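The values are calculated or read from the model by the stated rules, or taken from the named source; none is laboratory data. Because the structure is a prediction, the values reported are computed rather than measured. Don't worry about glycine lacking a Cβ; one is built from the backbone with ideal geometry, like all the others, and counts go over all protein chains shown. Just the protein is used for accessible areas: all its heavy atoms, side chains included, with ligands, DNA and RNA removed. Shrake-Rupley method; radii C 1.70, N 1.55, O 1.52, S 1.80 Å.
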Amino acid sequence: MAKASILKGISNAPQPHRRHSSHGTPRQKRTPKRDHAWMDGSDDDDLEVKRSKKHASTPSKSSHNSDQPRKKPRLSAPAGKSSASSSKDPSLQKQRKELPIYTGKDAIVNIIRENDVTVLIGETGSGKTTQVPQYLLEAGLAGSGMIAVTQPRKVAATSLAARVAAEQGTSVGALVGYSVRFDEASSPETRIKYVTDGMLVRELLGDPLLSRYSVIIVDEAHERTLRTDLLIANLKTIQKARNAPTDAKGKGAAKLTPLKVVIMSATLEAEKFSKFYNNAPDSAKIVQPDYVDAALRTFFQIHTDRPQGDVLIFLPGQEDIESLEKSIQLYANQLPVDVPGVLICPMYAALPPSQQSKIFSPTPSGMRKCILATNIAETSITIPGIKYVIDTGKCKEKRYVARHAGSGYDTLLTRDITQSSAVQRAGRAGREGSGYCFRLYTEESFRKMPITAEPEIRRCTLTSSLLQLKCLGQDLEELDFMDKPDESTVASALKTLFLLGALDNRKALTPLGRQMAAFPLEPPLARALVASTEMGCTAEVLTIISVLSASSHLFVDTHDARDAAADARRKFRHLSGDHLTVLNVVRAYEEVAASESKAGRRDWCRKMFLNERCLSEAMNIRAQLRDVCARMDVDWKASAGDNEVPILKALVRGLVENTAFLQADGSYKQVMGSSIVKIHPSSSLADKKVPAIIFDELVYTTSVYARGVSAVPRSYIAEVPVFQARVG
DNA sequence: GAGCACTGC
């Protein structure tokens, strides 16, 4: 069994906290100075780290030859050189030593040396992410293998690699590299590699024991992304194989070097919670049933009673924002002349960039800015000059609901925020001075909130993960997870993969399933792609699914220019519906891209109300998918031209579960699952009655909507083998 | 007649 150790208390240098208050009667209070407080109360654990002497560090020189890297040939320090080496930028080395983690360096290295698994808890900014890999390399713990450091986001992986490469006095891609989708910088010399968690999960498919790595550091583990959870579960399995007892020596297993795992996680900032509650006043204990109305009243209390300073109100969604905007405007127009005017700025992701930008312009003198935002303002953007925050305590959350062992749907419903969100929201006030947070909920409600968000593995569709695991000969049901996925979600994933032909009726992976897993796509889209190779329309299907798997929407939603947007959209419209409309858009975009400059392209997209980010990302994805096709000897150029028949038939193969027939009463009934679904109003087929539809996804908001819809003859659906089996 | 926010391959 793997030995495990937990190291706690890599704390930041103590810093003054912002002043907050809550529950309606704000009052300033300087927070007491206190370094740390852990949820489990074991305050003194950090001494374990702090106590250790920094005795003369003995970097074991790894006998690594320092060939010049192929990609970025520039000077590079040989591995194993001490961090104190004079060849490195002295100011960077000084900075490294000033990091909170530095005093614990030897203790950390020793504990990791002695244990198979180490859990390292430290706050953001403690330097653990940049320093620990370097400490381990310098101490020779990497042996002849690599140290991988996983990150949930690409930008973190690339920027951390740049930072650590600089600290090592080398260029990125030499001793220190990174690997993310669409981008890689590494060479045979690379020993520390920053990778996205998804990249390492994908690497498992080709190298199930991750044999190139001797240390894997899973960073930001507290974020509990689906891929991190999947990785952690797999690392346990891998360690069993690679760190087998020594009696296996001489046999197969002995060829494998042991694997060390380091899990790094931020604390939940427990002390910030408690400080927050020391100033909890005793008024405002009334539950506000209508948070929009409460926000309205709280805003005008602030506006008439409090000194100048902008207000940020957190609301769940666009609908509430628009309704509150109207009410505030109405009352603001009736204010006495001696009260400052109100400048209302709505803020949510779907708002066109031109209207988003006004929240960043300085508030005109004699005015108070009031920003109405979704949780986009919680982390993604920082708005300067906010003095007051009003927190409704609500947000919207997307969650997958599995039903009847299959055919579930995504929901988007308003719910209570988490405690960590509440803290985050309050922290948006007074970033440049003192600030106040007004919470429209009681202290008791706060205590009832979940501390953190539920891990993704409990909220998402697991179809893609299950397919990847099946390729590794594993199973969602058997793997040892920190949090077990929900049974019905697993059942639903199994059913989907069976219907797609990726699994047989004994839940075993089929050759088709293995083929599908090679593509970085959701299984239904991968299935459509494979089908297109048999139907001679790979070029078109590749284009359509590239757009569907891009992270943003193709069409820009605008309120003001709704008619103009609809006019522009009509130019691309295809009678069959949204999928071929997407194809028309990309074909037009490619023509423009061929003749126009970058600016011309941007201009065209703006005029056509198209999201250029979506299109350029789709082009990237398409190029990657073409590469995979080429490797699998699939002709990605095979084109059906303007014949939509094979294209729709290929899509039907992937979207088998997302099919519905028109009923006699004019509604659509899902073929599998039997729910009544409506065509989403954003679809080109909204309000149209066609005998049968396929769709990209089912979303439950105000009712169950099908999004991304195309009309197909009923026969296309009936000829799918799975349906024939059901009938016969 | 409707669109929380991110992220990953």
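Extension gain A:Glu534-A:Thr702, at 0.36 nm per residue separation less the Cα-Cα distance, in nm? Before the final figure, lay out each step's value.
Working: separation 168, 0.36 × 168 = 60.48 nm, distance 3.92 nm.
Here the segment from A:Glu534 to A:Thr702 would lengthen by 56.6 nm.
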- [ ] Write down the radius of gyration of region A:81-265 and its Dmax, each obtained from C-alpha positions, in Å.
- [x] 15.8, 49
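So what is the accessible area of region A:518-638 per residue, in Å², with the probe set to 1.4 Å?
Numbers: 5920 Å² over 121 residues.
Result: 49 Å² of accessible area for each residue.
Over region A:338-465, with the other protein chains present, what is the accessible area per residue in square angstrom, probe 1.4 angstrom?
Details: 5200 Å² over 128 residues.
Value returned for region A:338-465: 41 Å² of accessible area per residue.
Filter A:Lys97/A:Lys193; A:Lys571/A:Lys678; A:Lys154/A:Lys358; A:Lys571/A:Lys637; A:Lys358/A:Lys398; A:Lys260/A:Lys448 down to the pairs with a C-alpha to C-alpha distance above 31 Å, please.
Check vs 31 Å cut-off fails for A:Lys260/A:Lys448.
Please label the shape of region A:655-728 as rounded, prolate or oblate, based on the square roots a ≥ b ≥ c of the eigenvalues of the alpha-carbon gyration tensor (a/c under 1.5 means rounded; beyond that, a/b larger than b/c means prolate, else oblate). Don't skip to the answer; put the middle values down first.
Numbers: a/c = 1.80, a/b = 1.64, b/c = 1.10.
It is prolate, given that a/c is not under 1.5 and a/b is the larger ratio.
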TODO: Can you pull the one-decimal nm distance between simple spin-label points at A:Arg613 and A:Asp183, each 7 Å off the Cα toward Cβ?
DONE: 1.5 nm
Open item on the list: Considering only protein heavy atoms and a probe of 1.4 Å, how much of the accessible area of region A:81-265 is carbon and sulfur, as a whole percent?
Closed with: 57 percent
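Could you order A:Lys470, A:Lys387 so the one with the most accessible surface comes first? Probe is 1.4 Å. Intermediate values should be presented prior to the final figure.
Working: A:Lys470 25, A:Lys387 60 Å².
From most exposed to least exposed: A:Lys387, A:Lys470.
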Task: Spacing of the two label points (7 Å from each Cα toward its C-beta) at A:Val722 and A:Ser488, in nm - done: 2.0 nm
Task: Local net charge near A:Ala517, Cβ-Cβ under 12 Å (Lys/Arg +1, Asp/Glu -1) - done: +3
TODO: Could you please report the charge total around A:Arg297, scoring K, R as +1 and D, E as -1 over all other residues with beta-carbon less than 13 angstrom from its beta-carbon?
DONE: -3
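If R₀ is 30 angstrom, what is the calculated FRET efficiency for the pair A:Arg506 and A:Leu256, using the beta carbon separation as r and rounding to 0.05? Present the calculation step by step, with values, prior to reporting the outcome.
Numbers: r = 31 Å, r/R0 = 1.03.
Here the calculated transfer efficiency is 0.45.
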TODO: Would you kindly calculate the mean projected area, averaged across all directions, of the convex hull enclosing the Cα atoms of region A:364-470, in square nanometres?
DONE: 9.7 nm²
Open item on the list: If I ignore ligands, DNA and RNA and count only protein heavy atoms, how much of A:Glu534 is accessible to a 1.4 Å probe, in Å² to the nearest 10?
Closed with: 130 Å²
Task: Theoretical gain in end-to-end length, A:Lys688 to A:Lys240 [0.36 nm per residue, Cα-Cα removed] - done: 155.6 nm
Open item on the list: Given points 7 Å out from each Cα along the Cα-Cβ axis, report the A:Glu477 to A:Gln308 separation in nanometres with one decimal.
Closed with: 6.7 nm
Open item on the list: I'd like to know how region A:518-638 sits against the 2.2 N^0.38 Å rule of thumb: what's its Cα Rg over that expected value?
Closed with: 1.10
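For A:Ser357 and A:Asp293, calculate 0.36 nm times their separation in residues minus their Cα-Cα distance, and state this gained length in nm to one decimal. Numbers along the way, then the final one.
Working: separation 64, 0.36 × 64 = 23.04 nm, distance 2.68 nm.
Separation in residues times 0.36 nm, less the Cα-Cα distance, equals 20.4 nm.
Roll a 1.4 Å probe over the protein chains and send me the accessible area per residue for region A:124-179 in Å².
Details: 1310 Å² over 56 residues.
Value for region A:124-179: 23 Å² per residue.
Run the numbers on region A:655-728 and let me know its relative contact order in percent, using alpha-carbon pairs under 8 Å that are six or more apart. Please list the in-between numbers first.
Values: 126 pairs, mean separation 20.2, N = 74.
It comes to 27 percent, rounded to a whole number.
Just the number, please: Stokes-Einstein D of region A:272-453 in µm²/s, Kirkwood Rh from C-alpha pairs, 37 °C, 0.692 mPa s. Could you put the intermediate results ahead of the total?
On the way: Rh = 17.3 Å.
Estimated diffusion coefficient is 190 µm²/s.
What's the local net charge at A:Gly385, with K and R +1, D and E -1, over the other residues with C-beta under 14 Å away?
Spelling it out: positives minus negatives among the neighbours equals +4.
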